[in-house]
């Protein structure tokens, strides 16, 4: 099966281009990458890729490899955003910005969102721990490779907010105030994040969309509990 991923390299104004690069994967097939005016195309022809979602993740990994090498050589901070996957029969799949999961195919957002937005902005404006926790959570939504790392760092930021208040380096204060559970955090997020955090990619545990959804939902709920703790709902 052949899949074509298209997207862009940011900052787009950098006008990045590189010639065709081809990887030949023994007994599987090949991957081809090319870019013109910051518009990147990744062609996946691998027997191990069993669907368009897998193709997206594979394409993202290969695109990031090239862009990271190019950014390193130029001393520039580039990133990749893949927008669409097209199947061999021409069926397109556009990736949105709001992941869905769970039995009801829910989103991470709130309805209505304005009350949450207003309280979140107020707290982020005065609480650096919450502000940076939000930043990492948003990064986790968009990064399939480092989702666990960003989720765990987001949760750690909330824990650090309590450490700052009490002067005691422990998780107990957060759990007592928010009703969180260390074992759930460990099994859902930390156990996946630890190898990546320590650079031990050989021992990284494989994740899928369902696994990452659980990470994101748990992290979002911890952030919401902290928000309610600091600025109660009216």
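The values are calculated or read from the model by the stated rules, or taken from the named source; none is laboratory data. This one's a predicted model, so the numbers in the text were calculated from it and none came from an experiment. All Cβ positions, glycine included, derive from the backbone under ideal geometry; neighbour counts span all protein chains shown.
The number of residues in the range 88-126 that are more than 29 Å from residue 64 (Cβ to Cβ) and either in contact with a helix residue (DSSP H, G or I) (Cβ under 7 Å, 6 or more places away or on another chain) or without any contact (Cβ under 8 Å) to a residue 12 or more places away in the chain (or both) comes to 15. Kindly establish whether residue 111 is assigned by TED's automatic domain parsing to the domain that holds residue 215, at pLDDT below 95 and more than 25 Å from residue 61 (Cβ to Cβ). Considered against the rule, which asks whether it is assigned by TED's automatic domain parsing to the domain that holds residue 215, at pLDDT below 95 and more than 25 Å from residue 61 (Cβ to Cβ), residue 111 comes out as yes. In this entry, residue 161 is excluded by the filter for residues that are touching a residue at least 24 places away in the same chain (Cβ under 8 Å) and within 22 Å of residue 201 (Cβ to Cβ).
From the set of residues in the range 154-173 that are within 25 Å of the chain's Cα centre (by Cα) and in a helix (DSSP H, G or I), which is farthest from residue 190 (Cα to Cα)? Only one residue tops the list, namely 161. Of the candidates 210, 176, the single residue that is surrounded by fewer than 13 Cβ atoms within 10 Å (Cβ to Cβ), free of Cβ contacts under 8 Å to residues at least 40 places away in the same chain and either assigned to a helix (DSSP H, G or I) or under 19 Å from the mean Cα position of the chain (by Cα) (or both) is 176.
Among the conditions (1) more than 22 Å from the chain's Cα centre (by Cα); (2) farther than 16 Å from residue 84 by Cα; (3) without any contact (Cβ under 8 Å) to a residue 24 or more places away in the chain, residue 21 misses just one, which is (3).
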